[in-house]
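Structure first, then comments.
The values are calculated or read from the model by the stated rules, or taken from the named source; none is laboratory data. Being a predicted model, the structure only gives us computed values, none of them experimental. Just so you know, the surface numbers come from the protein's heavy atoms only, side chains and all, with ligands and any DNA or RNA stripped out. Shrake-Rupley method; radii C 1.70, N 1.55, O 1.52, S 1.80 Å.
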Amino acid sequence: MARVVVDVMLKPEILDPQGQAVANALPRLGISDVSSVRIGRRIEIEFTGAADPERVREIADKLLANPVIEDFTIQEVAEDAVPAGEPS
């Protein structure tokens, strides 16, 4: 079984109101050294067999991201890797 992570982010030239709201709220929490925040999505796809990079790219391009306003990156995850935040 293979696991692939697709990270989708707005292109740099596209305004990110959600990220801007977070950046504006940080000083109220006493955090003043953050200059910018961008919000994106992380999608994990598990395949029953080996992951085909071209098929993953097609899925991301046609279904997961809007290529007009978003970019995506693809990363294959090692089977024994534990996602951040989960106990090992």
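Tabulated data
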quantity: Mean residue ellipticity (222 nm) of the chain, computed from DSSP H runs ≥ 4 via -39,500 (n - 2.57), nearest 500; calculated: -5000 deg cm²/dmol
quantity: Taking the chain and dividing mean pair separation by its residue count, relative contact order in percent (alpha carbons under 8 Å, at least six apart); calculated: 50
quantity: Correct choice for Cα Rg over 2.2 N^0.38 Å that was computed from the model, options (i) 1.34; (ii) 0.97; (iii) 1.27; calculated: (i)
quantity: Accessible area of the chain belonging to carbon and sulfur atoms, whole % at 1.4 Å probe; calculated: 53
